[in-house]
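Structure first, then comments.
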Amino acid sequence: MIARVRGLLKGFFKRIFKGRKKIKLGLYGPPNGGKTTLANKICNDWIGEEMGTVSSIAHETREVQVKEQIKIQSNGKELEFNLVDTPGIATKIDYEDFLKSGMKEKEAKERAKEATRGVIDSIKWLDDVDTVIIVLDSTHDPYSQVNITIIGNLEARDIPVLIVANKVDLKKSDIKRIKSAFPQYEVVGISAKYGKNIEEFYEKLFEVAN
């Protein structure tokens, strides 16, 4: 009987500590901030494959994508997680915006429907992720309704957050503006496209996720 109890306790604690090591890491943010570009960079760096397709047209990612068992290392530490790349969150999705990119009306309306479903799924996934990386285009004004909505949802759930100010390779990049907008969170400036400051990103990720 005692041996059985010990065995159950051992399995229990093993599951607890295993769960703490491997987390669900969600990538969130508005469309075209660079979430999938960053996801591809992480996956290429550590598992040698890409996460998804990148496009200049908004809402290219319209379904939640997951890569499991990614292990990263920094300063002698190791972190294992399942990476969750979510569709860009928007407060309004209009099919006419897709018409401007050259799509035909039928395709544009279908894209808008898919994008809307993607936003809903993104919000639902907030109940499943353990840590969130918010990816923002550092050339854009961070004081937007979308960003405030995302931050509000995360604060309500008390989820650890790291903000990535992406596209620092562009002249209009302004990291200080993002830091001023969200002083309660760690902010790291990177270029996901060119890998600039990616090591600093990994270091900050360890701090926030552990």
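The values are calculated or read from the model by the stated rules, or taken from the named source; none is laboratory data. Owing to the predicted nature of the structure, the values given are computational and were not obtained by experimental measurement. Methodologically, a virtual Cβ is constructed for each residue, glycine included, from the backbone with ideal geometry; neighbour enumeration extends over all protein chains shown.
Quick one: which of Leu162, Leu136, Leu170 is outside any loop (DSSP other than H, G, I, E, B), out of contact with any Gly (no Cβ under 9 Å at 6 or more places or on another chain) and of a type outside the set (Asp, Glu)?
Leu162
Name the one entry in Val129, Val135, Val119 that is touching a helix residue (DSSP H, G or I) at 6+ places or on another chain (Cβ under 6 Å), among the hydrophobic types (A, V, I, L, M, F, W, C) and either closer than 22 Å to Ile23 by Cα or at pLDDT 75 or above (or both).
Val135
Residues in the range 39-54: is at least one out of contact with any Pro (no Cβ under 6 Å at 6 or more places or on another chain), under 23 Å from Pro142 (Cα atoms), surrounded by 20 or more Cβ atoms within 10 Å (Cβ to Cβ) and at pLDDT 80 or above?
Checking the range 39-54: at least one residue is out of contact with any Pro (no Cβ under 6 Å at 6 or more places or on another chain), under 23 Å from Pro142 (Cα atoms), surrounded by 20 or more Cβ atoms within 10 Å (Cβ to Cβ) and at pLDDT 80 or above.
If you check Asp127, Asp121, Asp158, which single one turns out to be under 14 Å from Asp85 (Cα atoms) and not polar (S, T, N, Q)?
Asp121
Restricting to the range 160-174, what's the tally of residues that are more than 18 Å from the chain's Cα centre (by Cα), surrounded by 16 or more Cβ atoms within 10 Å (Cβ to Cβ) and not charged (D, E, K, R)?
Qualifying residue count for the region: 1.
Looking at the range 98-111, is at least one residue at pLDDT 70 or above, surrounded by 19 or more Cβ atoms within 10 Å (Cβ to Cβ) and under 13 Å from the mean Cα position of the chain (by Cα)?
Among the residues of the range 98-111, not one is at pLDDT 70 or above, surrounded by 19 or more Cβ atoms within 10 Å (Cβ to Cβ) and under 13 Å from the mean Cα position of the chain (by Cα), which makes the answer no.
Filter the range 145-159 down to residues that are in a helix (DSSP H, G or I) and crowded, with 16+ Cβ neighbours inside 10 Å, then give me how many there are.
Number satisfying all stated conditions: 6.
Please verify whether the range 130-143 includes one or more residues that are surrounded by 15 or more Cβ atoms within 10 Å (Cβ to Cβ) and more than 30 Å from Asn197 (Cα to Cα).
No, the range 130-143 has no match at all.
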